[in-house]
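Written out below as structure tokens is the structure these notes cover.
Readers should treat all values here as calculations from the given coordinates under stated rules, not as data from a laboratory. All values derive from a computational prediction rather than experimental measurement. As a convention, Cβ positions derive from the backbone with ideal geometry for all residues, glycine included, and neighbour counts pool all protein chains shown.
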Amino acid sequence: MDKDMILDKEISRLVRSLEKALPVGLEERIALKATSEVPYHRPFFRKWRLALAVVPGGAALLLALLLLLPALRKQEGPQITEIRTQFELVDKNITIIFIQRPDFKLFEED
Amino acid sequence: MKIDGDCLESSGSFIFNAEKARSLRRTKMKDKEEACVSQAAFWNLMEPVKLRLYNFVLKSLNFATDADDVYQETVLHAFQYFASFRKDRDFRAWIYSIAHNEIKNHFRKSRNLTASPNIGALMASPNDSTGALVREVFRFAAQLRPKEREVFFLFYESGFSIPEIEGITGLKEGYIKLLLSQARNNLKEALGVHHG
């Protein structure tokens, strides 16, 4: 660890030994540009830009969901109200029809 | 007709409200004063950082001439977004994270900055023993990928700690440690050659 620290110090010394000064006029150019540009003073949009982006998105999603809900809802099939069983005695020209309804009670004793 | 004050529209009619106008003017003046104070505070904070920051940008870009532009963009962006700088944060780390983004953007735009710098031409006394070692260090740094070179110079040029580099670059601590360890191993050999 100590060896690493010594080496780090040596590398740091060598890296820092080559130092260039800021070019002449660069600072003035930056200062001039900085003051000529309009500073950023819209904290409301900065703070709420995420919320502002999320709200319309959420609203659109909700609207789409509400519109699609009836289409996505599982449609109920037709309800069976009665079962018909039909027999035909052709030679006697008789047709027997049994109609089974929900209120039909089988094996009910009087 | 000029009225010295603000007229507020209220349900179709204009109501003269001098007190409101004075209050608004006071707020505007206060804002202006605060902006001036803020600008002065920015340049005051920049003063001790600028030279190291410039050298960090310069070295991270392999002494490319574009370094001036990248440094300029860094300072301008920092100035522009200074209002968002939290006073409890370290200004140095904050501005270096802006520089990191600018360097990243620069390399994204121009991928052909692989030319090694002529370190000898940049040095005051390139022929002494230290000069050879410096050349060796920068030759090694020039071979690194941009991200790795940034970590190298954040540590050795700017003197940031590993957690600070993690905060600036968003790289994992383990990866930073690995990069620095590789740099040490490589330079140990390279510097060892010159030490004898």
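A prolate overall shape is assigned to the stretch B:130-196, the ratio a/c of its alpha-carbon gyration tensor axes (a ≥ b ≥ c) being 1.5 or greater and a/b exceeding b/c. Under 5 Å between amide hydrogens, built in the peptide plane, is the criterion, and for B:ASP66 it picks out nothing among residues at least 5 positions away or on other chains. Peptide packing: for A:88-98, B:164-174, A:14-24, the average count of neighbouring Cβ atoms within 10 Å per residue gives the ranking B:164-174, A:14-24, A:88-98, highest mean first.
Here the Karplus relation 6.51 cos²θ - 1.76 cosθ + 1.60, evaluated at θ = phi - 60°, turns the backbone of the stretch A:11-22 into coupling constants of 5, 4, 4, 5, 5, 6, 5, 9, 10, 10, 6, 5 Hz, with x for every Gly and Pro. Each residue of the stretch B:81-96 is assigned a 3J(HN,Hα), and the resulting list reads 9, 4, 4, 8, 6, 7, 5, 7, 8, 7, 4, 4, 5, 5, 6, 5 Hz, derived from the Karplus form 6.51 cos²θ - 1.76 cosθ + 1.60 (θ = phi - 60°), x at Gly and Pro.
Projecting the Cα atoms of B:ILE176, B:GLN143, B:PRO163 onto the charge dipole of the stretch B:139-181 (Cβ charges, centred on the Cα centre) puts B:GLN143 farthest toward the positive pole. In the structure shown, the pairs B:LYS87/B:LYS109; B:LYS109/B:LYS177; B:LYS87/B:LYS177; A:LYS33/B:LYS50; B:LYS109/B:LYS147; A:LYS3/B:LYS50 are assessed against 26 Å; a Cα-Cα span above that value is assigned to B:LYS87/B:LYS109; B:LYS109/B:LYS177; B:LYS87/B:LYS177; A:LYS3/B:LYS50. In terms of surrounding Cβ atoms within a 10 Å radius of their Cβ, B:ASP68, B:ASP88 rank from fewest to most as B:ASP88, B:ASP68. The mean count of C-beta atoms from other chains within 10 Å of the C-beta of residues in B:40-51, rounded to a whole number, is 1. Take each residue in A:4-11, count the other chain C-beta atoms within 10 Å of its C-beta, and the mean is 5.
Taking the number of Cβ atoms within 10 Å of each Cβ as an exposure proxy, the fewest-first ranking of B:SER158, B:SER97 is B:SER97, B:SER158.
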